[in-house]
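Visitor: My structure is below; once you've seen it, I'll send some questions.
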Amino acid sequence: QGSLAILRKGGATDCLFNTTRWDFDWLGEYLLTEFVDFFPGDELYVECHRNTQGLSEDLRWGADEEMCGGLLSVIELE
């Protein structure tokens with residue numbers, strides 16, 4: 001399962017993606033369909049878990065089983 005959200009400086013959370021059941025065949029790059037405002041003080045939140053043979057465990061960044069991540073591209077508008 002996984003989720004991607006923006007934690008707003010003021011305390012709100014904007015969920016951008018959430019799934020409780022990921023399919024291995026969905027691997028690839030996915031883009032949001034709309035631009036999202038990201039302001040100074042906001043944080044990008046990425047959460048990933050896997051369930052192998054009924055045992056849920058957190059993924060470790062940099063490990064060979066890592067297959068989840070979030071990337072933020074910033075475009076400054078005047």
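Visitor: Estimate the FRET efficiency between residue 38 and residue 1 by the formula 1/(1 + (r/R0)^6), using the beta-carbon distance for r and 22 Å for R0, to the nearest 0.05. Please list the in-between numbers first.
Guide: On the way: r = 24 Å, r/R0 = 1.08.
That gives a FRET efficiency of 0.40.
Visitor: Along the range 32-45, what does the Karplus equation 6.51 cos²θ - 1.76 cosθ + 1.60 (θ = phi - 60°) give for ³J(HN,Hα), rounded to whole Hz, x for Gly and Pro?
Guide: 5, 7, 9, 5, 10, 6, 9, 10, x, x, 6, 10, 8, 10
Visitor: In addition: What's the ranking of 69-75, 25-31 by average number of surrounding C-beta atoms within 10 Å, highest first?
Guide: Working: 69-75: 9.3, 25-31: 7.0.
My ranking of the peptides, most packed first, is 69-75, 25-31.
Visitor: Based on the mean of other beta carbon atoms within 10 Å per residue, what is the order of 15-23, 38-46, 2-10, most packed first?
Guide: 2-10, 38-46, 15-23
Values quoted throughout were computed directly from the atomic coordinates according to the rules given, and no laboratory measurement underlies them. The shown structure was predicted, so the numbers you read here are calculated from the model rather than taken from an experiment. For neighbour counting, all protein chains shown are included, and Cβ atoms are generated from backbone atoms with ideal geometry for every residue, glycine included.
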